[in-house]
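Engineer: Quick one: the structure is below, questions incoming.
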Amino acid sequence: MDYKETLCLPRTDFPMKAQLVQKEPEILRRWEEGGIYHKIIEASQGRRKFILHDGPPYANGHIHLGTALNKILKDIIVKSLFMMGYDTFYLPGWDCHGLPIEHQVEISLGEKIAGMSKAEVRRHCREYAERFLSIQRDEFKRLGVFGLWEEPYVTMSYDYEATIVRELGRFIDQGSIYRARKPVYWCATCQTALAEAEVEYHDQTTPAIFVRFRLTSDVSGRVPELAPFKDDTHVVIWTTTPWTIPANLAVAFHPDFTYAAVRTKPYGVLIMAEDLVPSCMSTFGVTDYEVLAVFKGTAMEHLKARHPLYDRESLFILAPFVTLDAGSGCVHIAPGHGEEDYEIGKAYGLEIYAPVDNEGRFTSEVEGFEGRYVFEANDDVNRALKDRGALLHLSDYDHSYPYCWRCKNAIIFRSTNQWFISLEHADLRKKALEAITKVRWIPSWGKDRIYSMIENRPDWCISRQRAWGVPIPVFYCRNCGEILASGDVARHVAELFEKEGADAWFVHPEKDLLPEGTRCAKCSGDDLAKEEDIVDVWFDSGVSYAAVCEKDPRLGVPVDMYLEGSDQHRGWFHSTLLASVGTRGEAPYRTVLTHGFVVDGEGRKMSKSLGNTIAPQEIIDRYGAEILRLWVSAQDFRNDIRISQEIVERLVETYRRIRNTARFMLGNLWGFDPSRDMVPYGDMLEMDRYALHVTQELISRVRRAYEEFEPYVIYQLVHNFCVVDMSAFYLDVLKDRLYVFKKDSLARRSAQTALFRIVKDLTRLIAPILAFTAEEIWDHIPGFEHKAESVHLSDMPEPDPHLMDDGLKQRWERILALRQEVSKVLEGLRKDKTIGHSLDACVKLRASGETLSFLQDVQGLLADVFICSKVEVEEGEGPWIQSEVLGAVAVEAHRAPGVKCPRCWRYAEDIGTSASHPEICGRCASQIG
RNA sequence: GGGCCUAUAGCUCAGGUGGUUAGAGCGCACGCCUGAUAAGCGUGAGGUCGUUGGUUCAAUUCCAACUAGGCCCA
């Protein structure tokens, strides 16, 4: 007889092979058709809220691993908190305006763009954004992310655009917005301002000049040694842009560097950094010189020198950005022609002077060079300097220089009029810093990071010279040049935008944009011109609290959590803080959680040039999105997140382990009907009760990890539970009982009761992470009362104190410690071929005293636990194995006596005692009936 | 160059307030099983705790510098 037929072996149609690539789309379809997310929203009604407000990704290109990481993390948090009883309504968003899209559109339009109006270009931009929004939406949904994807918030929607203008209106009302000059990249050929991203760098050779500026202040007060030479003392500067010399207003020294005053024959006394004296002297061809004095850069502050070309003075200032890499250690400062020059110039109250027009030609202010194209004026300037004896040296210098991405011509830095939000007006900076302290930052260093950024940043430049964005709603009087900026006008414009979108600004004449009868406040003229600039896109996303959260009762402000990459301390967290504090007086978020960046297996960032990029699609196509979700959960996201072939392979193996553990449980629940077969806790076998105890501990640890937003802890906990607690111990031991005993015996039903509870809990614990697989397991769990149609609609399990028993725990931890020692002894027998399977063995334990009575007490359990055929316990002597939990025990093993039962494979000494089943052991005979 | 952050076995993670032979799982090696089988079980080998100094009776744990890497600036 084939006794295998009489066993209760596992049966399930839950496949071992996941085939996630095929299965996931089916599950997605089911969620879609079943309206699962809408059921989640419905179930959330009236619950306590936890709103995670989505930071809008940019609607350009396909998603990459970074965006996938971000959305999956959000999804894990949102799904887990919903299961833990919160209303976690999740509304995804997209950031739609801005340069990158406009760029792409310009490239695809090519020459055609020349004849197009801004409104036409904007139409193409909108279509482009819509296209990628749709692509990304599909890609995000493919990851298993739940949210209201049908109606996301988009910054280019008419009402969002209107809100942007309204929020600007609030700043205008306060008087926080002002117009001032600031240097920007300027292409004289295209006659347009360029953004950082529109600039490319090429190597180029430019003239580099050393120039001396004669001091007009009396230095002897600061450096007494120079008293005899005070009328012939000069500071030496070095520059690679001679054409900016006419705009020079200052010379910068480093406060900490040491400077030297050097007496030379041909050039008088020259001041330069001490370390650079030898190289400068050799460059100038001066062999005979004398260092008269050395002093710190601070000694020079507020002194003055005469401009080498014009009859005005140049101020000596201190700047931390001065270096000793090249030149003289004294830096020529033209606040109208450089970013650093501008910042330091502002700090010293210098004029932002840039006497250059749109075509890159000097204006009439510049005596001697008016009308000259700046790059062509280099030689003129050098000649003029030479004529006046100011030029110390001229040479060619190779360096990388910015070029226009479009016309490929060299560009200049030129100050132009821009709009700013003041950080000081209305105490915005101070209030923002206060608001930061009231927010919970995870990790905590995020607070210091954003605090010092806000503390040190300049005023917010909100204007951009571009087409694809929301216009700054201000006007200029064509008659007298007066600016018309008012909150009322902004709100009037907003109403129009609500109906027609921001396009209205570009298609309507001014009179349609302004309230009727608007006139210039200064000259009462009615010929008003609209502003051409648009607002910085960081302002767009920055006001999402107003455009999205305030308006939607499902959300509300402040929101519970923002969750983005740590780059957003400078980006969205920052801009939205300023906007919200500026208009509402408080931060729009309660908690800000940041994650690191995706890097390769060596910790290096992903870049095309390194060739180490991986697209989410590659992982999805090969392994499934579930592996990506597991990847996100497996690592501490507060640091950088690594990915490599090895990491993915490990994840796949972990996934299989979790899946197989669940499959084995499901297979053994065959024929188990919870409503009929559940065994009351008190009647369950103690090992099963112990398994439930361990599961309760898992539940409480996993819950805590979800509450603390630490999915990687869950990954470790769940994996260890499956491998150590379940597979290697409980499930392995259980096989005998499940297979050998009668289908409806108490022993088997007790085990099934435990398995049912465990698999039901485990599935829900992993659901937020393994969203697809948990759903698939859930389907295969036997039906029970109130079983939700989707695991994502079910509740997160809570530890049940009735299923916990600390006494049992201690007793079983001792048994497990013993088991480990027995395994080692059995491995010895295996090595010398005494046994193969552990069932071939009989284990003999010796102990005395308390340990002996413990062993005698549990003796009846041990053959099962060791998966051996027989266990003998006797009082006796060592050699002891000493163990803290165990006590002193001696373990021996030998081949089990008797004959191997063909049914249960245990060695038995009672084979043949049953008349009806003479080949099998007594235990098996009793189970066949 | 500046600010912030990270650095424990091949991989992913543990290691309150410094104190015996630094842990787990995976992977790897070897073996077992063939009634979870493109599965399961057991045993074992892997770490100068990034480097160098310092504080201390004692440092993976505190301090500093450096190196490598990341984010943001310049």
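Engineer: Count, please, the residues in segment A:840-890 that happen to be part of a strand (DSSP E or B), open to solvent by less than 20 Å² (accessible area, probe 1.4 Å) and within 14 Å of RNA strand B (Cβ to nearest atom).
Structural biologist: Within segment A:840-890, residues that are part of a strand (DSSP E or B), open to solvent by less than 20 Å² (accessible area, probe 1.4 Å) and within 14 Å of RNA strand B (Cβ to nearest atom) number 2.
Engineer: Okay, moving on. Hey, does segment A:899-907 have a residue that's more than 16 Å from RNA strand B (Cβ to nearest atom), in contact with a strand residue (DSSP E or B) (Cβ under 9 Å, 6 or more places away or on another chain) and either open to solvent by less than 40 Å² (accessible area, probe 1.4 Å) or more than 18 Å from residue A:3 (Cα to Cα) (or both)?
Structural biologist: no
Engineer: A further question follows. Could we say that residue A:507 is buried (at least 23 other Cβ atoms within 10 Å of the Cβ) and within 30 Å of residue A:151 (Cβ to Cβ) here?
Structural biologist: Here the answer is no, as residue A:507 does not meet what is asked.
Engineer: When you look at residue A:656, is it open to solvent by 10 Å² or more (accessible area, probe 1.4 Å) and near RNA strand B (Cβ under 8 Å from one of its atoms), yes or no? Step through it out loud before you land on a result.
Structural biologist: Working: open to solvent by 10 Å² or more (accessible area, probe 1.4 Å): yes; near RNA strand B (Cβ under 8 Å from one of its atoms): yes.
When the stated conditions are applied, residue A:656 passes them.
Engineer: Which one is least open to solvent (accessible area, probe 1.4 Å) among residues in segment A:626-645 that are part of a loop (DSSP other than H, G, I, E, B) and over 17 Å from residue A:593 (Cα atoms)?
Structural biologist: A:643
Engineer: Further question: Give the residues of segment A:426-448 that are touching a Lys or Arg at 6+ places or on another chain (Cβ under 9 Å) and not in a strand (DSSP E or B), sorted by residue number. Before the answer, list the steps.
Structural biologist: Going through segment A:426-448, the residues touching a Lys or Arg at 6+ places or on another chain (Cβ under 9 Å) turn out to be A:429, A:436-443, A:447.
Across segment A:426-448, the qualifying residues are A:429, A:436, A:437, A:438, A:439, A:443, A:447.
Engineer: Residues of segment A:301-312 being touching a residue at least 40 places away in the same chain (Cβ under 8 Å) and over 47 Å from the mean Cα position of the chain (by Cα), which ones?
Structural biologist: Passing the criteria: A:303, A:304, A:305, A:306, A:307, A:308, A:309, A:310.
Engineer: Among A:244, A:287, A:298, which is in contact (Cβ under 8 Å) with a residue 12 or more places away in the chain, outside any strand (DSSP E or B) and surrounded by fewer than 21 Cβ atoms within 10 Å (Cβ to Cβ)?
Structural biologist: A:298 is the lone residue from the list that is in contact (Cβ under 8 Å) with a residue 12 or more places away in the chain, outside any strand (DSSP E or B) and surrounded by fewer than 21 Cβ atoms within 10 Å (Cβ to Cβ).
Engineer: Here is a follow-up. Anything in segment A:75-87 that is in contact with a strand residue (DSSP E or B) (Cβ under 7 Å, 6 or more places away or on another chain) and either within 22 Å of residue A:158 (Cα to Cα) or crowded, with 23+ Cβ neighbours inside 10 Å (or both)? List them, or say none.
Structural biologist: Within segment A:75-87, just A:78 meets the criteria.
Engineer: What are the residue pairs meeting all of these: first residue in segment A:659-672, first residue over 13 Å from residue A:9 (Cβ atoms), second residue open to solvent by 10 Å² or more (accessible area, probe 1.4 Å) and within 8 Å of RNA strand B (Cβ to nearest atom), Cβ atoms under 7 Å, and 6 or more apart or on different chains?
Structural biologist: What qualifies is A:660/A:16; A:661/A:727; A:663/A:16.
Engineer: What residue, among those in segment A:247-282 that are of a type in the set (S, T, N, Q) and in a strand (DSSP E or B), is farthest from residue A:366 (Cα to Cα)? Let's see the steps before the verdict.
Structural biologist: Quick first cut of segment A:247-282, residues of a type in the set (S, T, N, Q) only: A:248, A:258, A:264, A:279, A:282.
The next check asks that each one be in a strand (DSSP E or B); those that pass are A:258, A:264.
Details: A:258: 35, A:264: 32 Å.
Top of the filtered list is A:258.
Engineer: Could you look through segment A:1-22, keep only residues that are assigned to a helix (DSSP H, G or I) and surrounded by fewer than 11 Cβ atoms within 10 Å (Cβ to Cβ), and pick out the one that is nearest to RNA strand B (Cβ to nearest atom)?
Structural biologist: Ranking the candidates gives A:4 first.
Engineer: Please pick out the residue among A:779, A:736 that is over 30 Å from residue A:27 (Cα atoms), among the acidic types (Asp, Glu) and part of a helix (DSSP H, G or I).
Structural biologist: Matching residue, one of A:779, A:736: A:736.
Engineer: Is there any pair with a first residue in segment A:431-446 that is of a type outside the set (A, V, I, L, M, F, W, C) and a second that is within 10 Å of RNA strand B (Cβ to nearest atom) and modelled with pLDDT of 95 or more whose Cβ atoms are under 6 Å apart and which are 6 or more apart or on different chains, and what are they?
Structural biologist: As it stands, the answer is A:446/A:594, since those pairs meet every condition given.
Engineer: I would also like to ask the following. So which of A:697, A:686 ends up being within 15 Å of RNA strand B (Cβ to nearest atom), in contact (Cβ under 8 Å) with a residue 24 or more places away in the chain, surrounded by fewer than 20 Cβ atoms within 10 Å (Cβ to Cβ) and not basic (Lys, Arg)?
Structural biologist: A:697
Engineer: From the list A:679, A:759, A:733, A:740, exactly one residue is within 30 Å of residue A:3 (Cα to Cα) and away from RNA strand B (no atom under 14 Å from the Cβ). Which is it? First the steps, then the outcome.
Structural biologist: Values: A:759 fails: away from RNA strand B (no atom under 14 Å from the Cβ); A:733 fails: away from RNA strand B (no atom under 14 Å from the Cβ); A:740 fails: away from RNA strand B (no atom under 14 Å from the Cβ).
Result: A:679 is the single residue among A:679, A:759, A:733, A:740 that is within 30 Å of residue A:3 (Cα to Cα) and away from RNA strand B (no atom under 14 Å from the Cβ).
Engineer: Just to be sure before I move on: is residue A:824 open to solvent by 20 Å² or more (accessible area, probe 1.4 Å), charged (D, E, K, R) and out of contact with any helix residue (DSSP H, G or I) (no Cβ under 9 Å at 6 or more places or on another chain) in the structure I sent?
Structural biologist: It is true that residue A:824 is open to solvent by 20 Å² or more (accessible area, probe 1.4 Å), charged (D, E, K, R) and out of contact with any helix residue (DSSP H, G or I) (no Cβ under 9 Å at 6 or more places or on another chain).
Engineer: Also, I was wondering about something else. Does residue A:613 qualify as being open to solvent by 10 Å² or more (accessible area, probe 1.4 Å) and either outside any loop (DSSP other than H, G, I, E, B) or away from RNA strand B (no atom under 14 Å from the Cβ) (or both)? Reasoning before the result, please.
Structural biologist: Details: open to solvent by 10 Å² or more (accessible area, probe 1.4 Å): yes; either outside any loop (DSSP other than H, G, I, E, B) or away from RNA strand B (no atom under 14 Å from the Cβ) (or both): no.
No; evaluated as a whole, the condition is false for this residue.
Engineer: Hey, does segment A:23-45 have a residue that's within 16 Å of RNA strand B (Cβ to nearest atom) and over 30 Å from residue A:597 (Cβ atoms)?
Structural biologist: yes
Engineer: Would you call residue A:63 farther than 27 Å from residue A:545 by Cβ and open to solvent by 10 Å² or more (accessible area, probe 1.4 Å)?
Structural biologist: For residue A:63, the condition - farther than 27 Å from residue A:545 by Cβ and open to solvent by 10 Å² or more (accessible area, probe 1.4 Å) - is not met.
Engineer: Of the residues A:162, A:114, which is open to solvent by 50 Å² or more (accessible area, probe 1.4 Å) and of a type in the set (A, V, I, L, M, F, W, C)?
Structural biologist: The conditions single out A:114.
Engineer: All but one of (1) over 22 Å from the mean Cα position of the chain (by Cα); (2) in contact (Cβ under 8 Å) with a residue 24 or more places away in the chain; (3) open to solvent by 40 Å² or more (accessible area, probe 1.4 Å) hold for residue A:135, so report the exception by its number.
Structural biologist: Result: residue A:135 passes all but (1).
Engineer: Now for a different question. Within segment A:376-430, track down each residue that is at pLDDT 80 or above, in contact with a Ser or Thr (Cβ under 6 Å, 6 or more places away or on another chain) and open to solvent by less than 60 Å² (accessible area, probe 1.4 Å).
Structural biologist: A:393, A:418, A:419, A:421, A:422, A:426
Engineer: Next up: How many residues, within segment A:331-352, are touching a residue at least 12 places away in the same chain (Cβ under 8 Å) and either near RNA strand B (Cβ under 10 Å from one of its atoms) or part of a loop (DSSP other than H, G, I, E, B) (or both)?
Structural biologist: Of the residues in that region, 15 qualify.
Engineer: Can I ask one more? If you take the residues of segment A:588-610 that are away from RNA strand B (no atom under 15 Å from the Cβ) and open to solvent by 10 Å² or more (accessible area, probe 1.4 Å), which of them is nearest to residue A:435 (Cα to Cα)?
Structural biologist: The extreme case among them is A:590.
Engineer: Of these, A:713, A:679, A:648, which one is farther than 30 Å from residue A:862 by Cβ, β-branched (Val, Ile, Thr) and open to solvent by less than 20 Å² (accessible area, probe 1.4 Å)?
Structural biologist: Result: A:648 is the single residue among A:713, A:679, A:648 that is farther than 30 Å from residue A:862 by Cβ, β-branched (Val, Ile, Thr) and open to solvent by less than 20 Å² (accessible area, probe 1.4 Å).
Engineer: Looking at A:583, A:576, which is the one that is open to solvent by 10 Å² or more (accessible area, probe 1.4 Å), within 30 Å of residue A:163 (Cα to Cα) and of a type outside the set (D, E, K, R)?
Structural biologist: Only one candidate passes the filter, namely A:583.
Engineer: While we're on this one: Could you tell me which of the residues A:861, A:855, A:839 is touching a Ser or Thr at 6+ places or on another chain (Cβ under 6 Å) and modelled with pLDDT of 95 or more?
Structural biologist: Working: A:861 fails: touching a Ser or Thr at 6+ places or on another chain (Cβ under 6 Å); A:855 fails: touching a Ser or Thr at 6+ places or on another chain (Cβ under 6 Å).
After ruling out the rest, the residue left standing is A:839.
The values are calculated or read from the model by the stated rules, or taken from the named source; none is laboratory data. If you're wondering where the values come from, they're calculated on a predicted model, not measured in any experiment. Here Cβ is always computed from backbone atoms with ideal geometry, including for glycine, and neighbour counts include all displayed protein chains. Quick note on the areas: whole protein, heavy atoms, side chains included, nothing else; ligands and nucleic acids left out. Shrake-Rupley method; radii C 1.70, N 1.55, O 1.52, S 1.80 Å.
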